[in-house]
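The next block holds one structure in the form of structure tokens; read it before the comments.
The values are calculated or read from the model by the stated rules, or taken from the named source; none is laboratory data. As the structure is a computational prediction, the values presented were derived from the model and not from experiment. So basically every Cβ, Gly included, is an ideal-geometry build from the backbone, and we count neighbours across all protein chains shown. The protein model used for the area step is the full one, side chains on, heavy atoms only, and it has no ligands, DNA or RNA in it. Shrake-Rupley method; radii C 1.70, N 1.55, O 1.52, S 1.80 Å.
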Amino acid sequence: MNGADLELDCRTMLCPMPIIELAKHFRDVEVGQVIGVVAHDVAARVDVPAWCRMREQQYLGEDTAEDGAPRYLVRRLS
């Protein structure tokens, strides 16, 4: 998947910082657009989908950034 409208580089951040960055930049994209959260922190694999459920946004799954780092994709629904 290539379709992140905004990619957040959270590679060096530990929990809960990737989620804080996601929340801080969430309104930087329009409804329907996708944010990619690139994070090496293993907690992000659970935290990003949980954040989406709590905020009623769409978790699109995980792929990889160009350097192979995990990237978690979120579509803004509201």
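Taking segment 20-39 as the range and being closer than 14 Å to GLY3 by Cβ and small (Gly, Ala, Ser) as the test, the residues that pass are GLY32, GLY36. Looking across segment 22-36 at every residue that is assigned to a helix (DSSP H, G or I) and open to solvent by 30 Å² or more (accessible area, probe 1.4 Å), the one that is nearest to ASP47 (Cα to Cα) is identified as ALA23. Criterion applied to GLU66, GLU7 was being without any contact (Cβ under 8 Å) to a residue 12 or more places away in the chain and either open to solvent by 30 Å² or more (accessible area, probe 1.4 Å) or more than 10 Å from the chain's Cα centre (by Cα) (or both), and the one residue passing it is GLU66.
For segment 51-63, the criterion of being in contact (Cβ under 8 Å) with a residue 40 or more places away in the chain, open to solvent by less than 90 Å² (accessible area, probe 1.4 Å) and at negative phi is satisfied by at least one residue. Given the criteria open to solvent by 60 Å² or more (accessible area, probe 1.4 Å) and more than 9 Å from the chain's Cα centre (by Cα), does HIS40 qualify? Yes, satisfied. The residues in segment 40-78 that are in a loop (DSSP other than H, G, I, E, B) and closer than 11 Å to GLU7 by Cβ can be counted, and the count is 3.
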